[in-house]
Amino acid sequence: MAIIRRVLGAFILFFDWVFTPKSLVRDVDLQQEIDAQTDKLSLYQYAACPFCVKVRRAMKRNSLAIRTCDVNRSDTSREELLSGGGRLKVPCLKIEEEDGSVRWMYESSDIIDYLSSRFCNESALISE
Ligand SMILES: N[C@@H](CCC(=O)N[C@@H](CS)C(=O)NCC(=O)O)C(=O)O
């Protein structure tokens, strides 16, 4: 089972690499404003998870520089996700709100919808 998962993971990463989406180009000032906001976001994920790839591709397509935390490679990230979000499930978006509160959002489609409504008002978020 572990071998099948590894082979599938390798395929997913290979196709993601071959078909890397092009990034949206924004006006410099708008991009800087968005970068400042995405600095308050972190995506807990791991490389070969297909749902994480889906979110990362939407991020790439829409030039959202969100830090990624790999829960398979980092014990600290895994513990942060478990204690903060409550479940060891990926992808999960950590959202630091302006009032200092923190939200943990699971479900790839919900994450993409959230990013779309928050950062891509000028045009629909370009997902797959
Ligand atoms: N419906 C979820 C599926 C996410 C999912 O199944 N993630 C797997 C990794 S690929 C996971 O973390 N499984 C652990 C669990 O469900 O507790 C989504 O779209 O985000």
Filter region 45-58 down to the residues that are in contact with a strand residue (DSSP E or B) (Cβ under 8 Å, 6 or more places away or on another chain) and part of a helix (DSSP H, G or I), then identify the one that is farthest from the ligand (Cβ to nearest atom).
R56
Given the conditions (1) modelled with pLDDT under 95; (2) in contact with a Gly (Cβ under 9 Å, 6 or more places away or on another chain), and given that N121 satisfies all but one, which numbered condition is not satisfied?
(2)
The lone condition S42 fails out of (1) over 30 Å from A2 (Cβ atoms); (2) part of a strand (DSSP E or B); (3) not β-branched (V, I, T) is (1)
Look through R61, R6 and report the one residue that is of a type in the set (K, R), farther than 18 Å from M105 by Cβ and within 14 Å of the ligand (Cβ to nearest atom).
R6
So how many residues does region 106-121 have that are free of Cβ contacts under 8 Å to residues at least 40 places away in the same chain, near the ligand (Cβ under 7 Å from one of its atoms), of a type outside the set (F, W, Y) and outside any loop (DSSP other than H, G, I, E, B)?
1
Counting just the residues of region 45-69 that are among the basic types (K, R) and free of Cβ contacts under 8 Å to residues at least 60 places away in the same chain, which one comes out surrounded by the most Cβ atoms within 10 Å (Cβ to Cβ)?
R56
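The values are calculated or read from the model by the stated rules, or taken from the named source; none is laboratory data. Just so you know, these numbers come straight off a predicted model, no measurement behind them. Heads up, the Cβs are rebuilt from the backbone with ideal geometry, glycines too, and the neighbour counts pull from every protein chain shown.
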